[in-house]
Amino acid sequence: MRKGKCDINKKTWFTTKSEDLGIAFQPESNVPYAVVMDIGLGAGTVTIFSSNLGDGSMYTSSGGGIPPGGIEDENARKASINFVMIAGGFIDKMALTAEFPLPLKKTRSNFIY
């Protein structure tokens, strides 16, 4: 199975530039190229990653998850792209941050790139 360009771990996302993935950076644009959503479940955290290239994955803090995919599956690819585009509508309600703490129980953190 072909791996997508976004087959990288969460820590890497916080330092990856869009150009490194072949996505043209547009400084005046509010169109995101990826979303990382952390969901606090109390006993652990679920992290969902989606990119506008169609890559998507889900990981749990206990070590399980669904590895990067979407490029090969048309429905998953479309869902990943749609998730990123919907998240883009919330950019003006978000604050710029340099810290990425895990969420508390029954809360979530969203990071848009």
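The values are calculated or read from the model by the stated rules, or taken from the named source; none is laboratory data. Keep in mind that what you see is a predicted model, and the values were worked out from it rather than measured. In case anyone asks, the SASA skips ligands and DNA or RNA and just uses the protein heavy atoms, side chains included. Shrake-Rupley method; radii C 1.70, N 1.55, O 1.52, S 1.80 Å.
Odds and ends about this structure:
- Accessible surface ranking for TYR59, TYR33, 1.4 angstrom probe, highest first: TYR59, TYR33.
- Overall Cα dimensions of segment 11-90, principal axis frame, Å, largest first: 40, 26, 24
- Largest to smallest in accessible area, the residues LEU21, LEU102 fall in the order LEU102, LEU21 (1.4 Å probe, all protein chains included).
- Percent accessible area from carbon and sulfur atoms, segment 24-113, protein chains only, probe 1.4 Å: 59
- Accessible surface computed residue by residue for segment 55-113, with neighbouring protein chains in place and a 1.4 Å probe, gives 71 Å² per residue.
- Area accessible to solvent at LYS93, 1.4 Å probe radius, in Å²: 150
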